[in-house]
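The values are calculated or read from the model by the stated rules, or taken from the named source; none is laboratory data. No experiment lies behind these values; they were computed from the predicted model shown. Backbone-built Cβ (ideal geometry, glycine too); neighbour counts: all protein chains shown.
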Amino acid sequence: MKHDIVIIGGSSAGMTAAALLAEADFAVALVEPTAGPEPGGALDKRTVALTAHSVQLLDRLGFPWEQRRYCDWRQVVVEEADSPVPLHFRAEDTGRASLGRLVEIPELNSGLRQIIAAQEIQVYQESAREMREQPAGVQVLLSQGQVLEAGLVVAADGAESWVRQQLGIGLTWHDYQQQAIVAVVTCNRPHAHRAWQRFTHGFPLAFLPMAASGAAQYSLVWSLPTAEATRLMCLSDADFITELQKNMARELGQIQQISQRCSFPLVARHALSYYAMKAVLVGDSAHTIHPLAGQGLNMGLADVAVLAEELLRARQRRLPLAHLSVLQRYQRRRQADNQRMQDGMTALQRLMGTKAPLLRVLRGQTWSCIERQPWLKGLILDMAFY
């Protein structure tokens, strides 16, 4: 079966890539062995925070927000243990309707599958077993024996990317020696569309507002040293809530309920190259990042948008989709930006985690200075939420 582009991996970035490229009249196929779960009645602890650019990209594709569960943030409060002054970011101060949008991953992926179905994109619910470079493109052998032919393969198959491994692309790697604990927390006070985050010795605790009838549910993301996260994961729900209540802001209220918890290790990865052979990497197959600023999927969606632009440009210039100049331009536009974001998050995590007394005092003073300077807060808003 011949296609212009074969996308391997049905992640959020992969499905967005498929929809965006199909919208541009490329013949696209998506290879994903499992469709993933449909949203259930209960709130899901697996969530992503979308910036305005990411929401705009999904809007462009006709994402069915009216059928999906999500919550817009109108205010973000960030606290630091060594500063008596918290930072307040308000959408109304910037002329924006919101600062971000939290959506459960099953809700997001279900909406993307709906778009793909409407576009009649060919989906192969199989695994890719082999890739073979051909003069005019790539052959992809699937698990049930079918062979796909394409001018370009797009890898969107996650942090442990099979495609990246087949291409022999190496990684830079930084293990933070931390784990993130995630859960859904119900408090006794409505969140009023406000997100809250606190840094203690460099380890962020975030309560992100979720859409629900009671409007008092939060997505909890608590990044901690591995040993401490392991200890907390072994506690009963009651004991865990006691520990959590000690570390959260009083204005959030009292925790009434917590869902089943899970944790995952925090590792920064970055591919040494974003392309090889006639294949290109997007999203987590190319990079992963510390979740303290919630930029992981937003970086992946930016990859997808730039790749679509470069492939359209190649078609206008009548170049093969996998032409070296096309892949180099994509890498040049995305790799450096992603590296800066990754380095910035690592530097911020280290700065917030320093125990040197002088640096802690300076950090607290800097925090207070930022709160008093609207232009500085505006700069941070542009970097983190747009």
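Table: residues versus (1) assigned by TED's automatic domain parsing to the domain that holds M131; (2) of a type in the set (K, R); (3) outside any strand (DSSP E or B).
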{"position": "L148", "(1), (2), (3)": "yes, no, no"}
{"position": "V153", "(1), (2), (3)": "yes, no, no"}
{"position": "E160", "(1), (2), (3)": "yes, no, yes"}
{"position": "Q165", "(1), (2), (3)": "yes, no, yes"}
{"position": "V182", "(1), (2), (3)": "no, no, no"}
{"position": "T186", "(1), (2), (3)": "no, no, no"}
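From the list L102, L57, the one residue that fits, being part of a helix (DSSP H, G or I) and within 24 Å of D44 (Cβ to Cβ), is L57. Restricting to the stretch 291-319, give me the number of residues that are outside any helix (DSSP H, G or I) and modelled with pLDDT under 95. Within the stretch 291-319, residues that are outside any helix (DSSP H, G or I) and modelled with pLDDT under 95 number 2. When T200 is tested against (1) β-branched (V, I, T); (2) within 20 Å of A13 (Cβ to Cβ); (3) modelled with pLDDT under 95, exactly one condition is not met: (2). If only residues of the stretch 211-242 that are modelled with pLDDT under 95 and part of a loop (DSSP other than H, G, I, E, B) are counted, the one that is surrounded by the most Cβ atoms within 10 Å (Cβ to Cβ) is A216.
Which residues, counting only those in the stretch 177-195, are surrounded by fewer than 22 Cβ atoms within 10 Å (Cβ to Cβ) and more than 20 Å from C262 (Cα to Cα)? N188, R189, P190, A192, H193, R194 - these are the residues of the stretch 177-195 that are surrounded by fewer than 22 Cβ atoms within 10 Å (Cβ to Cβ) and more than 20 Å from C262 (Cα to Cα).
Just one of (1) surrounded by 15 or more Cβ atoms within 10 Å (Cβ to Cβ); (2) touching a helix residue (DSSP H, G or I) at 6+ places or on another chain (Cβ under 7 Å) fails for P64. It is (1).
Tell me, please, whether a residue that is at pLDDT 85 or above, farther than 18 Å from V221 by Cα and either assigned by TED's automatic domain parsing to the domain that holds G296 or β-branched (V, I, T) (or both) can be found in the stretch 45-59. Looking through the stretch 45-59, at least one residue is at pLDDT 85 or above, farther than 18 Å from V221 by Cα and either assigned by TED's automatic domain parsing to the domain that holds G296 or β-branched (V, I, T) (or both). Scanning the stretch 1-36 for residues that are among the aliphatic types (A, V, I, L, M) and in a strand (DSSP E or B) turns up I5, V6, I7, I8, V28, A29, L30, V31.
Just one of (1) within 18 Å of the chain's Cα centre (by Cα); (2) at positive phi; (3) not hydroxyl-bearing (S, T, Y) fails for A17. It is (2).
To keep it simple, each residue is scored yes or no on (1) closer than 30 Å to G40 by Cβ; (2) surrounded by fewer than 19 Cβ atoms within 10 Å (Cβ to Cβ); (3) not assigned by TED's automatic domain parsing to the domain that holds F203.
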residue: D72; (1), (2), (3): yes, yes, no
residue: Q75; (1), (2), (3): yes, no, no
residue: E80; (1), (2), (3): no, no, no
residue: P84; (1), (2), (3): no, yes, no
residue: F89; (1), (2), (3): no, no, no
residue: E92; (1), (2), (3): no, yes, no
residue: S98; (1), (2), (3): yes, yes, no
residue: N109; (1), (2), (3): yes, no, yes
residue: L112; (1), (2), (3): yes, no, yes
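Here is the figure for the stretch 72-86: residues that are more than 19 Å from W222 (Cβ to Cβ) and either free of Cβ contacts under 8 Å to residues at least 40 places away in the same chain or part of a strand (DSSP E or B) (or both) total 2.
Restricting attention to the stretch 56-83 and to residues that are out of contact with any Asp or Glu (no Cβ under 9 Å at 6 or more places or on another chain) and among the hydrophobic types (A, V, I, L, M, F, W, C), the residue that is farthest from I115 (Cα to Cα) turns out to be A81. When the stretch 22-61 is filtered for residues that are surrounded by fewer than 19 Cβ atoms within 10 Å (Cβ to Cβ) and touching a Ser or Thr at 6+ places or on another chain (Cβ under 6 Å), the ones remaining, listed by number, are P33, E38, P39.
Does L50 meet the test of being more than 25 Å from W196 (Cα to Cα) and out of contact with any Cys (no Cβ under 8 Å at 6 or more places or on another chain)? Judged against the criteria, L50 is not a match. Given the criteria of a type outside the set (K, R), buried (at least 16 other Cβ atoms within 10 Å of the Cβ) and farther than 21 Å from A42 by Cα, does A249 qualify? Spelling it out, it is not the case that A249 is of a type outside the set (K, R), buried (at least 16 other Cβ atoms within 10 Å of the Cβ) and farther than 21 Å from A42 by Cα. Consider the stretch 176-212 and keep the residues that are over 20 Å from R101 (Cα atoms) and among the β-branched types (V, I, T). The one that is nearest to the chain's Cα centre (by Cα) is I181.
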